[in-house]
Structure formats: C-alpha cells, structure tokens
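For reference, the structure is listed below as structure tokens.
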Amino acid sequence: MTEESKPAAVIDLRSDTVTRPTAEMRRAMAEAEVGDDVYGEDPTVNRLEQRAAEIFEREAALFVPTGTMGNQIAIKVHTRHGQEVICEERAHIINLESATVSAFSGCMPRAIYGEDGVLTWSQIKRKIAPKVYYRAQTGLIVLENTLNLAGGTIFPQETADEICDRAHELELPVHLDGARIFNASVAMGKSVAEISRKFDSLMFCLSKGLGAPVGSILLGSKTFIEKARAYRKAMGGGMRQSGILAAAGLVALEKMPARLKEDHDNARLLAEGLARIPGIKIDPKKAPTNILVFDISGTGMDADDFNQRLATKNVLANTIGHEQMRFVTHYDVSREDCLKTLAVVREICKAKPTTETQRHGGSSV
Ligand SMILES: *Cc1c(COP(=O)(O)O)cnc(C)c1O
C-alpha cells in the first residue's frame, strides 16, 4: 500500500512497532554499503554495532532481527538447562516470547509479582534457590525497563543497581530487557549507559519508538557477544546483507531518541483525558512513558467489546486482559490524534453498552 492510498483516518495505538521508516531511513537503506554479515563483512552492520557499543559504553554489540531473539540468546548464554530464571510476572520474556525460556534454554521461569512491575532485592532474594541438590538452581535474573505490560513503568535506578550488586555477590548474572530503554532514559533524565551499566547484558529495540523497520541490539562483554553470535546463527538469525536494515537502525539510533519526549507528552495527555472519563481507571502519574494500561471495568464493557467499538471509529488498540486496554503513543500518532481518540472514547462510554446476556447468549456455563 502506498503512503497515498493508506486510510488517513486510522489512529493506530496498538504498539510503537507499527511506526514506518522515515524518509531519511529509506534513503539510508537504499544507499547502504553492504557485505555478507555472516562473514562479518557488512560495513553498515559493523558500524551500527560499534555505535551501539559506544553509546552504551560496552565492549561489544550484536545486531539481531528481533528483541525476542536478543533476549532469548542472552538467556541461553547466561544459563544451563535445568536452571531457573527469575523475572516479574508480566515480563515480556515469559508472556510474549512463547515458551522460549523453557523450549530453547531449558529453564524454568520463577515469576514474581512486583508493584508496577518493579521487583526489589528483598523479593528476589527469597526466590533464589538454596544450594540443595534437589532444588533447581537460579541461573539468571531478568529485569525489564520500561515494563511494557505494567504500563511503561520505569525501573528505579537504585532498585536496579541494588539487585545487580547483590546478585553479583552471589555470582548471578542479571540481564536487562531494555526494549524501550530510550523511553526510560528520556523519562529518567539519565543516559542509557548510566541506567544499564550494572547489568551483565542488555537488549534494546530499534523497531519500536525509534522507528526502524526491523532490528534490535544485544550488548555485553566481548566474550558474551562472541557466544551470542554463535547462537544467533544457530537460531537462524544470520542475515547476510543486513546492512540494508542496519542503515535504518543507525538513523533510528542517532536521530530518534531526541523526539521520544513528544510521545511521552502525548501519552500524558491521553492519560489525563482518560482519567476524567467515567468508568475508566488510570492513574496518569503511573504512565511516565509512551504506554498506557487502563481498566475499563466500570464502563459495562469488556476489553474485546470496547476494542471493537474503538475500531469501528478508526482507533486501533490492544486488549491486555479481560478488562484492561493498552494504548501506545509513537512517531505516527500526533497530539491531534490523541485529542480525537479521547473524543471517541467519551462517545463509546456514553453509548449504551452491550449487556452480558447478549454477549454470552444467555447460556449458563
Ligand atoms: C517488543 C518487546 C520485546 C521484543 O519484541 P520483538 O517483537 O521480538 O522485537 C522484548 N521486550 C519487551 C519489553 C518488548 O516490549
């Protein structure tokens, strides 16, 4: 579909992954110098990896097709079969990456609930397996920043630092799922290097708010990345002339972080507007970045119903629970779009909702 023929009226709040590459990215892709990356010969991929390593003040980086592959390779490198991986209950690695923690790394997730998705060391230490031969040993801790399913919440720096320090005393590695670490960085007013320094490894996405069409980056020590490169190939992620993609990634990395504040401002506008609509529950203070998770149980609709009604008015969103919705702001959503969205939500909530009996056909099961 060309730019011209796409239906202009659709406001797509499903995810920041829906952003399309900018004109500058497309030009960079067309002109990218390329080579075979499996032989380490793609100059553009090499440049992207070097720049990412520089920005994050790390020894090495690896360009991977998806954030899922980046996270799961990291888990594989850090663990052995039969170990446990500690993470928050709503973590992306166990909710939205299939059962790869167990299927690929042979590990069992040990999920803990944390307020707003934030885990503390005192919670984690109680879940670290005692060194008894019949207990599965803890192999890794994974934290997420920002935490997607908890509403783009920020992991407080001191809490993350303490977890890393205490874990390291026990020789436990800590991986950061930093898919949206640039959003965290903007909201925290700290560099991405600073907020991720104590982690043994981290992954971030070029394909979300940064707007690249494809790609994520895995970062860590030279030895870690050497092992990761082998697993990337084993998983089918050796991409040959991927400089075409890395070229867009470079533009994303250099140019796009500076505009993320706009997405946060738009999300704040949405959150404050939603909070004033009867039946909707959201605390705007708990939506510090570009993701809003809100409860619609007071509207008399369930999330599927609510979502379908939004779609008929050209607003696309995701349900993330029976009564929970998620809006994500991004490069292709303007302030104007957010105001229109609020008008649509107000309209839907005013209209008489479908009753339970109609939806479930009155059956008694
Ligand atoms: C999007 C995302 C990922 C990676 O997703 P891919 O779609 O595989 O690129 C990982 N973690 C979080 C928190 C995410 O939001």
Amide H neighbours of residue 41 under 5 Å, at least 5 residues apart or on other chains, H built in the peptide plane: list them. 36
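Can you list the trypsin sites (Lys or Arg not before Pro) in region 40-148 that are in a DSSP coil and have 12 or fewer other beta carbons within 10 angstrom?
Details: sites: 47, 51, 58, 76, 80, 90, 110, 125, 126, 127, 131, 135; in loops: 58, 80, 90, 131, 135.
Filter output for region 40-148: 80, 131, 135.
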Once you have a ≥ b ≥ c as the square roots of the Cα gyration tensor eigenvalues for region 138-237, tell me rounded if a/c is under 1.5, and otherwise prolate or oblate according to whether a/b is larger than b/c. oblate
For the chain, calculated [θ]222 nm from helices alone, where every DSSP H run of n ≥ 4 adds -39500 (n - 2.57): -11500 deg cm²/dmol
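May I ask you to derive the relative contact order of the chain, considering only C-alpha pairs under 8 Å and at least 6 residues apart, and to give it as an integer percent?
Details: 713 pairs, mean separation 85.2, N = 365.
That works out to 23 percent.
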Which of 74, 275, 61 ends up with the largest GNM mean-square fluctuation for the chain, with Cα atoms connected below 10 Å? 275
Taking the dipole about the Cα centre of the chain, with the C-beta of Lys and Arg at +1 and of Asp and Glu at -1, give me whichever of 230, 322, 40 is farthest to the positive side. 322
Given the candidates 338, 297, 65, the one whose Cα lies deepest towards the positive end of the charge dipole of the chain, counting +1 at each Lys or Arg C-beta and -1 at each Asp or Glu C-beta, is 297
Once the Cα atoms of helix 43-55 and of the chain are each reduced to a long axis, what angle between those two axes, in degrees from 0 to 90 to the nearest 10, is obtained? 80
When the charge dipole of region 57-207 is computed with +1 on Lys and Arg Cβ and -1 on Asp and Glu Cβ about the Cα centre, the Cα farthest towards its positive end, among 159, 124, 202, belongs to 124
Take 312, 100, 146 and order them by how many other Cβ atoms sit within 10 Å, fewest up front. 312, 100, 146
Treating the angle as unsigned and between 0 and 90°, give the value, to the nearest 10°, between the Cα long axis of helix 260-275 and the longest Cα principal axis of the chain. 40
At most 16 other Cβ atoms within 10 Å plus a DSSP loop assignment makes a site exposed; report the longest stretch of the chain without any exposed GluC sites (Glu not before Pro). 172-365
Treating the angle as unsigned and between 0 and 90°, give the value, to the nearest 10°, between the Cα long axis of helix 335-350 and the longest Cα principal axis of the chain. 50
Among chymotrypsin sites (Phe, Trp or Tyr not before Pro) in region 174-253, those in a DSSP loop whose Cβ has at most 14 other Cβ atoms within 10 Å are none
About the Cα centre, and with charges only on the beta carbon of Lys, Arg (+1) and Asp, Glu (-1), how big is the dipole of the chain? Nearest 20 debye, please. 540
Going residue by residue through region 234-247, the Karplus relation 6.51 cos²θ - 1.76 cosθ + 1.60 with θ = phi - 60° gives ³J(HN,Hα) values, rounded to whole Hz and with x marking Gly or Pro, of 4, 7, x, x, x, 9, 6, 7, 7, x, 4, 7, 4, 4
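Values in this text are rule-based calculations from the coordinates and carry no lab data. These numbers come from a predicted model, not from an experiment. All Cβ positions, glycine included, derive from the backbone under ideal geometry; neighbour counts span all protein chains shown.
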